[in-house]
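Note sheet for the following structure.
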Amino acid sequence: MPATRAPRTPPDLARALRGRGEAVRHFRSFPPSVRRGIIGWIGEARRPETRAKRIAETARLAAMKIPINNWRW
């Protein structure tokens, strides 16, 4: 079975995570499928304001080691 490849973190999300202490480490500890879902949810935002809100929420929760899981596929 091939290994699941972790998705690339978009630069704007990476910046938000770096500004939140342990958020980077916690985000990287999430399973690849969870990270892929979060990044997909962020990427589906139609407006820049929505994308920024989703990034901020992801960074806030990642700092507490909580994977946001309200994306819809």
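The values are calculated or read from the model by the stated rules, or taken from the named source; none is laboratory data. Just so you know, these numbers come straight off a predicted model, no measurement behind them. Because the Cβ atoms are built from the backbone with ideal geometry, glycine has one as well, and the counts that use them run over all protein chains shown.
So here's what we get for this one:
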quantity: Residue in the stretch 23-38 that is modelled with pLDDT under 95 and among the aliphatic types (A, V, I, L, M) present; calculated: yes
quantity: Residue in the stretch 35-64 that is surrounded by the fewest Cβ atoms within 10 Å (Cβ to Cβ), counting only those that are in contact with a helix residue (DSSP H, G or I) (Cβ under 7 Å, 6 or more places away or on another chain) and free of Cβ contacts under 8 Å to residues at least 24 places away in the same chain; calculated: 45
quantity: Residues being closer than 15 Å to residue 56 by Cβ and among the small types (Gly, Ala, Ser) - total across the stretch 21-42; calculated: 2
